[in-house]
Amino acid sequence: MVATEPFVGRPVLRKEDPELITGEAQYVDNWTMPGMVWMALVRPPYVHATIDAIETAEAAAMPGVVGVFTAADLELGALPFVWPITEDIKVPVRYPLTGDKIRFAGDAVAVVVAERREQAIDAAELVSITATELPAVTDIEKAAADGAPLLHDELGTNVTVHWVHGGAGDQSVFETAPVIVTERYVQPRLIPNAIEPRGCLAYGVPAMNEWTLVSATQIPHIVKVTLSGVIGSEKNLRVIAPDVGGGFGSKLNVYAEEALALALAKRLGRPVKWIEERSENYVATTHGRGVLHDVTLAADEQGKLIGMKFVELADMGAYYQLLTPGIPELGGWVYMGPYDPQSYWYEFRGVVTNATPTDAYRGAGRPEATYVIERAMDVLARKVGKDPAEVRRINLHAPFLEATPFICGLSVDSGNFEPLLDKALELVGYEQLRKEQAARRDAGDVRQLGIGVTTYIEMCGLAPSNILGALRYAAGGWDGATIECLPSGEVILKTGTSPHGQGHDTAWSQIVADGLGVDPDKVTVLHGDTQVSPLGMDTYGSRSVSVGGVAILFAMEKIKEKARTIAAHELEVSEDDLAWADGAYRVSGAPDKARTIPEIAVSAWHAHALPDGVEPHLNATAVYDPKNFTWPAGAHVCVVEVDTETGAADIIQYIAVDDCGTVINPMIVEGQVHGGVAQGIAEALYEEAIYDEVGNLTTSSMSQYLIPSAVEIPHMTTDNSQETPSSTNPLGVKGIGEAGTIASPPTVINAVVDALSHLGVTEVGKPASPERVWRAIQEATTGSPGVSGGLGGATPAQQEGGTA
Amino acid sequence: MIPAPFDYARAGSVEEAVSLLGSDPDAKILAGGHSLLPAMRLRIARPSMLVDIGRIADLSYVRDDGERIAIGALSRHHDVGNAEALQELCPIVAHAAGQIGDPQVRHMGTIGGSVAHGDPAGDLPSVLLALDAEFVAQGPKGTRTVAATDFFTSLFETALAPDEVLTEIRVPKANGGWSFMKFQRRAQDWAVVGVSAVRANGGVHVGLTNMGLTPLRAAGVEEAVGGGADPASAAARADEGTAPPDDAFGSAEYRRHLVKVLVRRALEEALA
């Protein structure tokens, strides 16, 4: 009897990678069907206009065209919107094709179906739209102002929703506290840019009225429920998410094209396929962020927080997508950060604009919150004359291992924040860096050093269904797992999560391997098909391991309960004499008398001599609904070098210390942190969706929308060694998919501001492009943001006040 | 993603390419395709015919012609960057070619395409302008040589006639001091502003990238250096005569500032 090391906690190589890196993966664009036709959408040359006429005859006469359809031809129901966050929310109705009015550049007015893709695209160019153009508004403040052009006349306003957290504690502190920080922060829209654009294929057996939608989606189960109306019945719809090339929230949605492909497959009796072009993706797939915050921090003279107050305007875009107004609300529960103020206020107004609908984008509400908290914390530090790390330290909540109420009104599962900060500062060599920074300042170096420090908490593991219900979300937050132990010794796990890059095949196999005493290679994980694994709520919000992963644990408990009964019967002992040890049920005192799960699976399969009342076959299903969210936390430090002449900021060190509870696979966790931080660095320094005055997206391709490449992303030091177990679930897991994106944008921007603070710079907007940095320096040193000149380096003579 | 329909013809020789171009006024030459094809995929460019010159064998070379170095128009950026003759005798060209795009672009894109495209944001055109390069073009009436200063006429426009093929680029031997400063947001981006400085005839020639409708020479800077000005004061004139674009990569005002910083740094490096 050799004790085996658990697989959980080991950097097991990802099972899914060989296919992904050798071109064997099956994305929706790899699927083809006999008789398949292609769909192309007709996107309008306007962003705001009333439609007078749509002329389709010329397109319909083009070679290969099967049909051209407008809203009037299809008469489809409205697209799903599932999160009416307040009772009085105004909901703009959205149809798969717009028939009356164009409200943004992606608002398709017609769909062309042709035998070949290029024929559909060529014909779509020939659909002509006669429309009366209306003034467009893409700026949230302008859209919210009186007299702004109305997107939806029937709603009577562009401010369609107002959500108020309700506050906690004494609200007068925001006027009476000894130290008050008030800041306004703008966070531009971001374009998610999954490497695989969207795409879908709908096909069916018309005689049986059975339909299948293959879609590049994160949420096959939710798509199935919400689109069943298109074909008439949920039982007749199967949704498959094949290999999916990233989502970042942009595929956590139910889109017009999916509804159209299904409707047209049914109408034409032929398989219908659509693959999004990248330029379409930029206007027709959801965007993220697009928010403006007014922040008030109340503190004492030492910088100890008394109250935190946030008032937000959030850009909804032209319509709500699946969750749109729920995204800022999700952030509404983490505005206290890992701190412990006595007063709290958060509210937001959602504003419709002539721009692409916003929705979840990696972090979904929590990066927006963390950005403004952490930016304002640095302002507080400067105001009270303290080091930014010190101000955070004195405000961190005391450690706790059981669910503990926080000022936001929810209970946090567990947390031990200060050691994370200590670790991050130690890894970066904080004190030495501050000395080097001072030396460079004294020398008037052209390249100045800046250090940004963030401590954060986030809320993930979506979610307890009862809380989601209280928040007026239409669905639940549970997830399912079905385990079948086959007589061959293989184990099949059907999970309700729907990975699109996260590595669930590997991590879930590690959990099963430890629980059932089998090799991870013997475990096959099936997912992403509502027929194969019907019990699920899919993958988003860093929920998969803390909900779907925990469901596996409960399914394994059922398996083992049954296995124990069978083992006791075969070993002719009482169940109480058996103990699970080293991957088998063993007789107490005679551990060589044992039965493994694969052995019991054979017995359960041939069923020759099962105990009375035990059903054949070793299988079990569990559906798990968590009792609380999970709350990862951490401390990040970024060191930048800023060229004070050009404004270019280079990251020279990045430290990410994250506590995500129990780590299943440290290599996957590290990869998630790398990806998340890279995405956050992109947000901080590069990415920004820009609209011109008339509402056109000017950053309309990857040449203008700056996604950094590997060259621009620095080496990162990650540390996940502190594993404070979550009190929410027995695995102790918290989730790590979004932490990097949540923590890194303020860390980077604070570092940039810190590099220039001795020059009097107090604010640099996001993204901190070289020009923004240069303008901030100009404004601080000459009093004018646009005055050129001052080619020399920053000299001590130009310095003014400020520590840190 | 999918270009509008077009005809395709492969030219076996420069003469055949010239004749094909003469047959269709909306035809475009396809060489490396790294400027043309992205524009076609967005349907911004819709040529009726592509004349593919990519397999004309004798247009890819770098050789020392005594007075000058001759570079075949179909030479890929990768080959230009690694040509020993250039690395030794005109290193700024080899270096700049190695800074274009990314390795995939450099293995497909050609120096001729980069020049003939007439993109003021391209890396090589302003280097070649600073070097007083010569461009050899072949048309229905034979070949002619155009000086770099006469070649770039406007945005994406050059002195080439629609039925002319650029066949060769000739650069002087210039292995004195030089500097190439490319300020970009991401490694594979076009320069927000680029500066090339080359010592020549006792002075310095300075080329500017992305500071106007065409690649430009910083005449004021050259004059100032010729008159004995130090780099900082010469660089103060770097934006004279420029008309920089205003776009997502930077405002005109920022570019006017940036070009002064980069020219000063380039002069310091080239004159060191």
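The values are calculated or read from the model by the stated rules, or taken from the named source; none is laboratory data. Computed from a predicted model, the values in this text were never measured in an experiment. Here the Cβ is made from the backbone with ideal geometry for all residues, glycine too, and neighbour counts use every protein chain on show.
Could we say that A:M39 is assigned to a loop (DSSP other than H, G, I, E, B), among the aliphatic types (A, V, I, L, M), touching a residue at least 40 places away in the same chain (Cβ under 8 Å) and touching a strand residue (DSSP E or B) at 6+ places or on another chain (Cβ under 8 Å) here?
For A:M39, the condition - assigned to a loop (DSSP other than H, G, I, E, B), among the aliphatic types (A, V, I, L, M), touching a residue at least 40 places away in the same chain (Cβ under 8 Å) and touching a strand residue (DSSP E or B) at 6+ places or on another chain (Cβ under 8 Å) - is not met.
List pairs: first in segment A:346-364 and modelled with pLDDT of 95 or more, second acidic (D, E), Cβ under 6 Å, 6+ apart or cross-chain?
So the pair list comes out as A:F348/A:E312; A:T353/A:D315; A:T358/A:D315; A:R362/A:E738; A:G363/A:E738.
Quick one: would you say A:T662 is more than 30 Å from B:R41 (Cβ to Cβ) and more than 10 Å from every other protein chain (Cβ to nearest Cβ)?
Details: more than 30 Å from B:R41 (Cβ to Cβ): yes; more than 10 Å from every other protein chain (Cβ to nearest Cβ): yes.
Against the criterion (more than 30 Å from B:R41 (Cβ to Cβ) and more than 10 Å from every other protein chain (Cβ to nearest Cβ)), A:T662 qualifies.
Does segment A:63-86 include one or more residues that are β-branched (V, I, T), under 22 Å from A:G326 (Cα atoms) and touching a strand residue (DSSP E or B) at 6+ places or on another chain (Cβ under 9 Å)?
yes
Limited to segment A:102-159, what total is found for residues that are in a loop (DSSP other than H, G, I, E, B), among the charged types (D, E, K, R) and within 14 Å of chain B (Cβ to nearest Cβ)? Break it down into steps so the answer makes sense when it comes.
So in segment A:102-159, the residues in a loop (DSSP other than H, G, I, E, B) come out as A:103-109, A:115-116, A:125-127, A:134-139, A:145-152, A:156-158.
Still in the list and also among the charged types (D, E, K, R): A:103, A:107, A:115-116, A:125, A:139, A:146.
When the remaining residues are screened for being within 14 Å of chain B (Cβ to nearest Cβ), the result is A:116, A:125.
Count: 2.
Write out, first by first residue and then by second, each pair whose Cβ atoms fall under 7 Å of each other, whose residues are 6+ apart or on separate chains, and whose first residue, in segment B:201-223, is free of Cβ contacts under 8 Å to residues at least 24 places away in the same chain while the second is part of a strand (DSSP E or B) and not aliphatic (A, V, I, L, M).
From residues that are free of Cβ contacts under 8 Å to residues at least 24 places away in the same chain, the pairs are B:E222/B:G203; B:E222/B:H205.
Suppose the filter is within 14 Å of chain A (Cβ to nearest Cβ) and within 17 Å of the chain's Cα centre (by Cα); does B:V195 pass it?
yes
From the residues in segment A:353-411 that are in a strand (DSSP E or B) and out of contact with any Pro (no Cβ under 9 Å at 6 or more places or on another chain), which one is surrounded by the most Cβ atoms within 10 Å (Cβ to Cβ)?
Among them, the one singled out is A:T358.
What number of residues within segment A:118-136 satisfy the criterion of being surrounded by fewer than 20 Cβ atoms within 10 Å (Cβ to Cβ) and under 35 Å from the mean Cα position of the chain (by Cα)?
Selection size over segment A:118-136: 4.
Show the residue pairs that are 6+ apart or on different chains and have beta-carbon atoms under 9 Å apart, the first residue being within segment B:250-267 and facing another protein chain (nearest Cβ under 8 Å) and under 21 Å from A:E687 (Cα atoms), the second being in a helix (DSSP H, G or I) and aliphatic (A, V, I, L, M).
B:G250/B:L258
Does segment B:170-188 hold any residues that are among the aliphatic types (A, V, I, L, M) and either crowded, with 22+ Cβ neighbours inside 10 Å or assigned to a strand (DSSP E or B) (or both), and which are they?
Those that are among the aliphatic types (A, V, I, L, M) and either crowded, with 22+ Cβ neighbours inside 10 Å or assigned to a strand (DSSP E or B) (or both): B:V171, B:M181.
Being more than 17 Å from A:V694 (Cα to Cα), touching a residue at least 12 places away in the same chain (Cβ under 8 Å) and of a type outside the set (A, V, I, L, M) is the filter here, so list the residues in segment A:126-154 that pass it.
Correct list: A:S128, A:T130, A:H152.
Might you let me know whether segment A:415-435 holds any residue that is in contact with a Phe, Trp or Tyr (Cβ under 7 Å, 6 or more places away or on another chain) and at pLDDT 95 or above?
Start the filter on segment A:415-435 by keeping residues that are in contact with a Phe, Trp or Tyr (Cβ under 7 Å, 6 or more places away or on another chain), which leaves A:415.
Cutting the leftovers down to at pLDDT 95 or above gives us A:415.
Yes, some residue in segment A:415-435 is in contact with a Phe, Trp or Tyr (Cβ under 7 Å, 6 or more places away or on another chain) and at pLDDT 95 or above.
The rows are residues; the columns are (1) closer than 30 Å to A:I275 by Cβ; (2) among the aromatic types (F, W, Y); (3) in the same structural domain as B:G118 (by TED's automatic domain parsing).
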| position | (1), (2), (3) |
| --- | --- |
| B:G12 | no, no, no |
| B:K28 | yes, no, no |
| B:G32 | yes, no, no |
| B:R46 | yes, no, no |
| B:V62 | no, no, yes |
| B:D65 | no, no, yes |
| B:R68 | no, no, yes |
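Quick check: anything in segment B:226-241 in contact with a Cys (Cβ under 7 Å, 6 or more places away or on another chain), surrounded by fewer than 20 Cβ atoms within 10 Å (Cβ to Cβ) and away from chain A (no Cβ under 14 Å)?
Narrowing segment B:226-241 to residues in contact with a Cys (Cβ under 7 Å, 6 or more places away or on another chain): none.
No: segment B:226-241 contains no residue that is in contact with a Cys (Cβ under 7 Å, 6 or more places away or on another chain), surrounded by fewer than 20 Cβ atoms within 10 Å (Cβ to Cβ) and away from chain A (no Cβ under 14 Å).
Could you grab me the full set of residues in segment B:90-121 that are in contact with an Asp or Glu (Cβ under 7 Å, 6 or more places away or on another chain) and either over 19 Å from B:Q138 (Cβ atoms) or hydroxyl-bearing (S, T, Y) (or both)?
Passing the criteria: B:A96, B:Q99, B:I100.
Identify all residues within segment A:670-722 that are among the small types (G, A, S), buried (at least 17 other Cβ atoms within 10 Å of the Cβ) and within 11 Å of chain B (Cβ to nearest Cβ); write none if there are none.
A:A682, A:A689, A:S700
Hey, can you tell me all the residues within segment A:221-242 that are assigned to a loop (DSSP other than H, G, I, E, B) and either without any contact (Cβ under 8 Å) to a residue 40 or more places away in the chain or not assigned by TED's automatic domain parsing to the domain that holds A:M39 (or both)?
Listed by number, the residues that qualify are A:G232, A:S233.
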